[in-house]
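Any read-out appearing in this document is the output of simple, stated calculations on the displayed coordinates, not a laboratory observation. Source: prediction; values computed, not measured. As a convention, Cβ positions derive from the backbone with ideal geometry for all residues, glycine included, and neighbour counts pool all protein chains shown.
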Amino acid sequence: MKHTIELDHDQCDAIAIASLKEAYRHNCKPDKIDCSDDVMEVDYHFLGAVDDVLDYFLNAEQRKVWDQEKKELLK
């Protein structure tokens, strides 16, 4: 069975923002690769790129909130 959902631009933007923030959260700290002792280092280039794209989607107030969220993540 096929379902079609129509989203307006604001809804699409909200989904993109949530996805980008989630990608940032998952990649902002070193993590072990699978179950091994090997550690995958943080890719700061990737985080910067995600942040640049978020700049496109966020207004000034949303940006302030995101900057606070990032500070908490990086503690």
Taking Cα atoms only, helix 60-73 is inclined relative to the longest principal axis of the chain by an angle, in degrees rounded to 10, of 30
Relative contact order for the chain: what percent, with Cα pairs under 8 Å and sequence separation of 6 or more? 28
Given the convex hull over the Cα atoms of the chain, what projected area results after averaging over all orientations, in nm²? 7.6
Sorted by mean Cβ packing within 10 Å, highest first, what order do the peptides 19-25, 39-45, 3-9 take? 19-25, 39-45, 3-9
Where Cα atoms sit under 30 Å apart: lysine pairs in the chain separated by 8 or more or lying on different chains: 15
Cβ density ranking, 10 Å radius, fewest first, applied to L73, L58 yields L73, L58
Which angle between 0 and 90 degrees, to the nearest 10, do you get for helix 9-27 versus the longest principal axis of the chain when only C-alpha atoms count? 10
May I ask which residue of A60, L20, P30 lies farthest towards the positive end of the charge dipole of the stretch 9-73, with charges of +1 (Lys, Arg) and -1 (Asp, Glu) on Cβ and the Cα centre as origin? A60
